[in-house]
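Q: Following this message is one structure expressed as C-alpha cells.
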Amino acid sequence: MKKITILVPCYNEEKSLPLLYPELKSLMDSQSAYAWEVLFVNDGSRDNTLAVIKALHVADARIQYVNLSRNFGKENAMLAGFDYATGDCMVIIDADLQDPPSLIPQMLVYWEQGFDDVYARRADRGRESWLRKRFSLLFYKILDHSTRFDVLQNVGDFRLLDRRCIEALRQMRESERYTKGMFCWIGFNKKEIVFNRADRVAGESNWSFWSLFNLAIEGITSFTTAPLRFATVCGIIVAFVAFCLMLFYGVKTLLWGDPVQGFTTLIVVTLFLGGVQLLSIGILGEYIGRIFNETKRRPPYLVGEYSLENTL
C-alpha cells in the first residue's frame with residue numbers, strides 16, 4: 001500500500017488546526033486505498049500550536065509532528081518536513097485552509113499517472129491588496145527573465161511531490177533558501193491544477209509586506225546573478241557617459257573657453273555617481289552576506305522533539 005505524507009508547516013496556528021484536522025480526517029478516511037501520515041512541523045510557535053498538535057497525535061496515530069527548537073522560518077520548516085517524511089509522495093499544504101484539501105485526490109490521480117510534481121496554480125490570490133498583488137507579479141517576472149529555468153507564476157507551496165523530488169530537495173542544504181525556486185530548479189515531470197485560493201479561516205497571516213520583500217530578495221539572489229550584471233552594466237554606462245562628457249567639455253574649453261559655472265550640474269552628477277556606487281556596493285553586499293552565511297555551515301534547523309522515527 002502506498003503511503004502519502006501531508007506536510008503542514010505551522011507557526012502560531014492554534015486557531016486554524018482544529019478546523020484543518022476534520023478536513024484532513026475526512027480526506028484520509030475517504031481514500032482508504034492509501035496509508036496516510038500527516039506531518040506537522042511546528043516552527044517555534046509562541047501560542048498553543050504544539051499542544052494542539054500533540055492532542056491530535058494522541059487522538060489519531062496518523063498525526064505526527066516535528067517541533068523545531070525555535071522559529072527558523074517556513075523555508076527551513078519545509079526542509080525539516082522533507083527530512084522526516086516517510087511517504088511515497090508528499091503534499092505540502094498550509095494550516096489556514098487557503099489551500100483546499102479537496103484538491104488532493106485530484107493530485108493523487110495525476111501522480112498515479114506518472115507525474116512527479118503536481119502543483120496548484122492560483123487563479124485568484126484571495127484577499128490581497130492591489131499593491132501586494134502587483135509586487136508579487138513583478139517579482140515573478142523579474143525572476144523568470146533572469147534565470148535559466150522556467151519560474152512558475154502564481155504558484156505557492158501547495159503541491160504534491162513524488163519521493164524522488166523529495167530526495168532531490170533534501171540534497172539542497174543551503175541556509176538561504178527559496179523553496180519555490182527549488183521546485184522549479186529540480187525539474188521532473190510537472191502537472192498543473194488551477195484553483196481559487198480562499199481566505200484564511202482563522203488567525204492572521206504571519207507574512208508582512210517586508211517579510212515578503214525579504215523573501216523576494218532571497219529568491220532573486222539565490223537563483224540568479226543578474227543584479228551583479230546590472231551593477232556592471234550601470235558602471236559601464238556611467239563610465240561611457242563620463243568619457244563622452246570629458247571629450248565634450250575638453251573640446252568646448254579649447255574652442256570657446258570655459259568660464260566657472262555649472263555648480264548645480266556638478267552636484268547632480270556627484271550625487272548620481274554616488275548613488276550608483278552605493279547601489280552596486282549594496283548588491284555586492286547581498287551576495288557576500290549569503291556567502292558568509294553559507295561558509296559557516298550551520299544546520300538549517302534544529303529539532304527539539306519529534307514523534308516519529310528519525311529518517312535522516
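We did not get these values from a lab; they are worked out from the coordinates using the rules stated. Note that the structure is predicted; figures quoted are calculated from it, not measured. Note that we place each Cβ from the backbone using ideal geometry, even for glycine, and neighbour counts take in every protein chain shown.
Q: Over 31 Å between Cα atoms: which of LYS54/LYS191; LYS3/LYS180; LYS2/LYS191 fall into that group?
A: LYS54/LYS191, as the Cα separations exceed 31 Å there.
Q: Using θ = phi - 60° and the Karplus form 6.51 cos²θ - 1.76 cosθ + 1.60, what ³J(HN,Hα) does each residue of segment 104-120 get, whole Hz, x for Gly and Pro?
A: 4, x, 5, 4, 5, 4, 5, 4, 5, 7, x, 7, 8, 9, 9, 10, 9
Q: If amide hydrogens are placed 1.01 Å from N in the peptide plane, which non-local residues have theirs closer than 5 Å to the one on ILE4?
A: Those qualifying (amide H under 5 Å, at least 5 residues apart or on another chain) are ALA35, TRP36, GLU37, ASP88.
Q: Given C-alpha coordinates of segment 71-119, what is the ratio Rg to Rh with the Kirkwood estimate of Rh?
A: 1.00
Q: Amide H of ASP99 versus every other amide H placed in the peptide plane: which residues, excluding those fewer than 5 positions away on the same chain, fall under 5 Å?
A: Residues meeting the criterion, in which the H sits 1.01 Å from N, are ASP94.
Q: In addition: Determine, for each peptide in 158-165, 55-62, 101-108, the mean count of other beta carbons within 10 angstrom over its residues, then list the peptides with the highest first.
A: Sorting 158-165, 55-62, 101-108 by mean packing, highest first, produces 158-165, 101-108, 55-62.
Q: Moving on to the next point. Give a residue-ordered list of calculated ³J(HN,Hα) values for segment 272-285 (Karplus: 6.51 cos²θ - 1.76 cosθ + 1.60, θ = phi - 60°; whole Hz; x for Gly, Pro).
A: 5, 5, x, x, 4, 5, 5, 4, 5, 5, x, 5, 4, x
Q: Continuing with this model, one more query. GLU13's amide H: which non-local residues (gap 5+, or another chain) put their own amide H closer than 5 Å, with H modeled 1.01 Å from N in plane and none for Pro or chain starts?
A: Under 5 Å from the amide H of GLU13: THR49.
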